[in-house]
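Taking it in order: structure first as structure tokens, then the write-up.
The values are calculated or read from the model by the stated rules, or taken from the named source; none is laboratory data. Note that this is a predicted model, so its numbers are computed, not measured. So basically every Cβ, Gly included, is an ideal-geometry build from the backbone, and we count neighbours across all protein chains shown. Ligands, DNA and RNA are excluded from the accessible area calculation, which covers all protein heavy atoms including side chains. Shrake-Rupley method; radii C 1.70, N 1.55, O 1.52, S 1.80 Å.
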Amino acid sequence: MRARRHPLISTENLMGGLWDPSDGHIDPAQLCQALARRARAAGAEVYRFTSVTDLTQHADDSWTVHTDKGDIRAEIVVNACGYRVNEVGAMMGVEHPVASMEHQYFITEDMPGVMEAGHRIPLLRCPISDYYSRQEKNGLLVGFYEQECKTWGMDGIDPKFSNDLCPDDLDRVMDVLEGAISRMPALAEVGIKQVVNGPITYTIDGTPLVGPIPGKRNAFCIIGLRAGLGEGGGHGWLLAQQIVHGEACYDTWALDPRRFTGHATQELTSLYAIQDYQNEFRFHLPHEHRPAGRPAKTTPLTPILEQAGAHFTVVNGWERSDYFKPTPDFVEDYGYRYTKVHELVAAEVARVQNHVALAEVNGFNRIEITGPGARDWLDYMICSRVPRKIGKLGLGYLLNDYGNVKAEATIANLPDGRIWYGSAAAAEFHDMDWLSKHLPKDGSVTLRSLTNDHTILVLAGPKSRAVLSACARGDWSAAGFPWLSVREARIGHAPAIVMSVSFSGELAYEIHLPNSALFAAYSALMRAGAAHDIGHFGARAVDSMRMEKGYLHWKSDLITEFDPYETGLDRFVCRDKDFLGKAALMARGDKKRRRLRMLEIDATHASPQPSDSLYAGGRRLIGSVTSADWGHRTGKNIAYAFMQPDIVEGITVDIIGKPYAARLLNGPVYDPDNSRVKS
Ligand SMILES: Cc1cc2nc3c(=O)[nH]c(=O)nc-3n(C[C@H](O)[C@H](O)[C@H](O)COP(=O)(O)OP(=O)(O)OC[C@H]3O[C@@H](n4cnc5c(N)ncnc54)[C@H](O)[C@@H]3O)c2cc1C
């Protein structure tokens, strides 16, 4: 039996397929010429056959681009050099996490089935046999994602390799080719006209790097594009907005080159590239982190937690405990529905709620800010206030020039003029870039990253005070060390900075430690905790608990598209002082484009996924989900979503293809007056 739309397909053992009537393809050379023509018309100069040989940056941050045909002075440079990205990166002292893979397709001779079809043969992507195909003149183009794949250019690229191809190597794709032939038997009877084997660039997460180059001024990149023809237009548009306006109309974190940090070498990238290539057509399921390149970043506790049963997730390259397995051979059944891990997380949450448990939150971004101007400068950088008293801490929100939320930090006022700025692990390069860019020119403020030298143990639960008191000298009572306090202490003999702050909503202490003291502190806490049946908890338990408390995640719920009022952070905006972004924020007045809402979903089998759409009155789109998780203490399926501000009822969200009712919640659903954290 043959399919109607694709008459070359055999439908034997085929359950179905998806047909996209708007799919299509474009000739790359013509596309490139068309873009160049429009750029020239807009005033751009295009120098063909001109090699960039070096880059020099000047004191005013502008550049001289040295070429084999002379120098060009430029205010801003963009590295868009395809597979030569790292040659040009090296010219400015940057190693980009981009690696190339050889990729092959062939074009057949004319095929009767194509000529007789009477319509254009649709594009085909086969997720089972890992090939794709489309019509090319009167034949087919068939491309392959083979398991025996190859990196390319790791040991340098021949300078003469330009508009060039790698040698044909069809032996490598034989396994995939067999799958293509059994689905399109006519392929077995047609000759191959041409083989194309060329390099394709990959990044660590398969998504390009589009935006500012970390640690550089006036330098951007648009690199690591796997499907540059298909996606180049949109990425170019977003990059142009970032260059011209400093920010694009959408939050571009998913593309931001600063999302990878010190671990992101080309070697690591190549391991991810191989894995991605081998899984080209396979869905990434929620919570799934594939094995390539792991572990990249660890602390001295990682092997100890592994022995205790930790299953790790990856956060900015760090192996972080996600949950603890009941037996060493436990394997997670990834999926969109709640899995058997659901009950494990429930047990971890119950231990935190009723007893005490310990988690390592490694990789947390930490910058020490010092200097005579530190306090006033940081106070200008955030819309809330830097705590005045030594020994106090608070949350700070940094806005961009448009008054939208740029970053979130825990700000701790320590003795000796030190301020600790703590933010999400993923924010390491991003926040350092943002803060450095705004430093006063007079040298009155100094930034020092402690991210890779320090880590955090979180001790949480009603018995956490008893555990801490048993192994650390000092008055840890609610009066002696109230909520939002910070102090230097010794955990056993290990030097630490302890903060009374909680992301779980239970009484909790963040214990900040140099990595060298981590194991000593952990051992002291576990010994002291034995009397209270101390256990471990992981990131998934934290996520469940933070959802019930209304606590937000940077780059899920805190994004550059919305301001602090729209994000529900009104209480953190101090209108009676000056701060970065204030003018734009005030100019917008009370107008709200969207509002971040907390919702309860009528479903017990699965949570929505971030970016899932919300509807009202049937299928009218009114917003999208930013975070969602099951609240184990309250038995509620909770989601946060940016929504049209006026919608209050008739809301639904699709979960695995079916609509479920969603009701607005009015703030935190667990201990809304914070009596437990303050207890
Ligand atoms: C076999 C194969 C099949 C593919 N199929 C598809 C597909 O179906 N759909 C799709 O969307 N994509 C496909 N791609 C990928 C696509 O070709 C790339 O994603 C796209 O070309 C990347 O565009 P780019 O501009 O980033 O880099 P490139 O196209 O590599 O352009 C980089 C440019 O920088 C120039 N350059 C480099 N170094 C220097 C220097 N020192 N000085 C001056 N100039 C320099 C180069 O000469 C080049 O012109 C395929 C690739 C291959 C190899």
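Restricting attention to the stretch 148-173, and to residues there that are more than 11 Å from the ligand (Cβ to nearest atom) and open to solvent by 80 Å² or more (accessible area, probe 1.4 Å), which single residue is nearest to residue 194 (Cα to Cα)?
Here the answer is 168.
Which one of these does residue 343 not meet: (1) part of a loop (DSSP other than H, G, I, E, B); (2) free of Cβ contacts under 8 Å to residues at least 24 places away in the same chain; (3) within 24 Å of residue 670 (Cβ to Cβ)?
In the conditions (1) part of a loop (DSSP other than H, G, I, E, B); (2) free of Cβ contacts under 8 Å to residues at least 24 places away in the same chain; (3) within 24 Å of residue 670 (Cβ to Cβ), residue 343 misses (1) alone.
Taking the residues in the stretch 49-69 that are near the ligand (Cβ under 9 Å from one of its atoms) and either among the charged types (D, E, K, R) or in contact with a Phe, Trp or Tyr (Cβ under 8 Å, 6 or more places away or on another chain) (or both) as candidates, determine which candidate is least open to solvent (accessible area, probe 1.4 Å).
67
Here are some residues: 208, 185. Which one is more than 10 Å from the ligand (Cβ to nearest atom) and modelled with pLDDT of 95 or more?
Step by step, each of 208, 185 is checked, and only 185 is more than 10 Å from the ligand (Cβ to nearest atom) and modelled with pLDDT of 95 or more.
Among residues belonging to the stretch 287-296 that are of a type outside the set (Asp, Glu) and open to solvent by 20 Å² or more (accessible area, probe 1.4 Å), point out the one that is farthest from residue 100 (Cα to Cα).
287
If I ask for residues that are open to solvent by less than 20 Å² (accessible area, probe 1.4 Å), farther than 15 Å from residue 369 by Cβ and either β-branched (Val, Ile, Thr) or part of a strand (DSSP E or B) (or both), which ones from the stretch 406-436 would you list?
Matches in the stretch 406-436: 406 only.
Just checking, does the stretch 263-277 include any residue being at pLDDT 95 or above, surrounded by 15 or more Cβ atoms within 10 Å (Cβ to Cβ) and in contact with a helix residue (DSSP H, G or I) (Cβ under 8 Å, 6 or more places away or on another chain)?
Yes, there is a match, as at least one residue in the stretch 263-277 is at pLDDT 95 or above, surrounded by 15 or more Cβ atoms within 10 Å (Cβ to Cβ) and in contact with a helix residue (DSSP H, G or I) (Cβ under 8 Å, 6 or more places away or on another chain).
Test residue 41 against the criterion of being over 30 Å from residue 137 (Cα atoms), loosely packed, with under 10 Cβ neighbours inside 10 Å, free of Cβ contacts under 8 Å to residues at least 40 places away in the same chain and over 32 Å from the mean Cα position of the chain (by Cα), and give yes or no.
yes
Restricting to the stretch 351-373, name every residue that is assigned to a helix (DSSP H, G or I) and surrounded by fewer than 17 Cβ atoms within 10 Å (Cβ to Cβ).
Once the filter is applied, which keeps residues that are assigned to a helix (DSSP H, G or I) and surrounded by fewer than 17 Cβ atoms within 10 Å (Cβ to Cβ), the stretch 351-373 yields only 354.
Go through the stretch 130-162 residue by residue and tally those that are over 18 Å from residue 99 (Cα atoms), more than 29 Å from the chain's Cα centre (by Cα) and either of a type outside the set (A, V, I, L, M, F, W, C) or assigned to a loop (DSSP other than H, G, I, E, B) (or both).
Of the residues in the stretch 130-162, 9 are over 18 Å from residue 99 (Cα atoms), more than 29 Å from the chain's Cα centre (by Cα) and either of a type outside the set (A, V, I, L, M, F, W, C) or assigned to a loop (DSSP other than H, G, I, E, B) (or both).
Kindly indicate the residue of the stretch 506-561 that is within 22 Å of residue 452 (Cα to Cα) and part of a loop (DSSP other than H, G, I, E, B) and also farthest from the chain's Cα centre (by Cα) among those meeting that condition.
538
Of all residues in the stretch 71-97, which are of a type in the set (D, E, K, R), within 24 Å of residue 60 (Cβ to Cβ) and either within 8 Å of the ligand (Cβ to nearest atom) or free of Cβ contacts under 8 Å to residues at least 24 places away in the same chain (or both)?
Hits for the stretch 71-97 are 71, 73.
Inspect the stretch 22-33 for any residue being more than 11 Å from the ligand (Cβ to nearest atom) and assigned to a helix (DSSP H, G or I) and give the result as yes or no.
Scanning the stretch 22-33, I find at least one residue that is more than 11 Å from the ligand (Cβ to nearest atom) and assigned to a helix (DSSP H, G or I), so the answer is yes.
Consider only pairs whose beta carbons are under 6 Å apart and that are at least six residues apart or on different chains; among these, list those whose first residue lies in the stretch 161-186 and is over 16 Å from residue 127 (Cβ atoms) and whose second residue is open to solvent by 80 Å² or more (accessible area, probe 1.4 Å).
172/148
Applying the selection to the stretch 34-70, what residues are within 17 Å of residue 243 (Cβ to Cβ), among the hydrophobic types (A, V, I, L, M, F, W, C) and part of a loop (DSSP other than H, G, I, E, B)?
Result: 42, 44.
Step by step: first the residues of the stretch 235-264, then only those that are part of a loop (DSSP other than H, G, I, E, B) and farther than 20 Å from residue 317 by Cβ, then the one that is nearest to the ligand (Cβ to nearest atom). Which residue is that?
Restricting to residues being part of a loop (DSSP other than H, G, I, E, B) and farther than 20 Å from residue 317 by Cβ, the top hit is 252.
Within the bounds of the stretch 384-402, is there any residue that is touching a Cys at 6+ places or on another chain (Cβ under 7 Å), open to solvent by 40 Å² or more (accessible area, probe 1.4 Å), at pLDDT 95 or above and more than 15 Å from residue 497 (Cα to Cα)?
Scanning the stretch 384-402, I find at least one residue that is touching a Cys at 6+ places or on another chain (Cβ under 7 Å), open to solvent by 40 Å² or more (accessible area, probe 1.4 Å), at pLDDT 95 or above and more than 15 Å from residue 497 (Cα to Cα), so the answer is yes.
Does the stretch 215-234 hold any residues that are away from the ligand (no atom under 11 Å from the Cβ) and open to solvent by less than 30 Å² (accessible area, probe 1.4 Å), and which are they?
Of everything in the stretch 215-234, those that are away from the ligand (no atom under 11 Å from the Cβ) and open to solvent by less than 30 Å² (accessible area, probe 1.4 Å) turn out to be 219, 220.
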